[in-house]
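K.L.:
One structure, pasted below without further comment.
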Amino acid sequence: MDKEIIIEFLKGGGLNLYESKIYFSLLKYGVVTRSEIYKIAEVPQNRVYDILTSLMAKSLVRTSNKDRHYLSK
């Protein structure tokens, strides 16, 4: 499937654009550091912490340690 189609699907499911981009990137790459995710997902670096916190509150991602995030199962 095309990346843009999946991101639009995630947005239709209640995620905003940045949440969708980060969630898609985590689905694709698995475990990534907080410092890597903004480059991969193409979101502003200063928004990554808040977006990951939001995704964790929605039980979509969890942290494996202070600097790494990955998808919950």
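The values are calculated or read from the model by the stated rules, or taken from the named source; none is laboratory data. None of these values were measured; they are calculated from a predicted model. Ideal geometry is used to build each Cβ from the backbone, glycine not excepted, and the neighbour counts take in all protein chains shown. Please note that ligands, DNA and RNA were not included when accessible areas were found on the heavy atoms of the full protein model with its side chains. Shrake-Rupley method; radii C 1.70, N 1.55, O 1.52, S 1.80 Å.
K.L.:
Count, please, the residues in region 28-63 that happen to be more than 8 Å from the chain's Cα centre (by Cα) and part of a helix (DSSP H, G or I).
P.N.:
18
K.L.:
Does region 1-51 hold any residues that are open to solvent by less than 40 Å² (accessible area, probe 1.4 Å) and out of contact with any helix residue (DSSP H, G or I) (no Cβ under 7 Å at 6 or more places or on another chain), and which are they?
P.N.:
Leu26, Gly30, Thr33
K.L.:
Another question, if that's okay. How many residues are without any contact (Cβ under 8 Å) to a residue 12 or more places away in the chain and either of a type in the set (A, V, I, L, M, F, W, C) or not in a helix (DSSP H, G or I) (or both) if we restrict to region 1-13?
P.N.:
Of the residues in region 1-13, 5 are without any contact (Cβ under 8 Å) to a residue 12 or more places away in the chain and either of a type in the set (A, V, I, L, M, F, W, C) or not in a helix (DSSP H, G or I) (or both).
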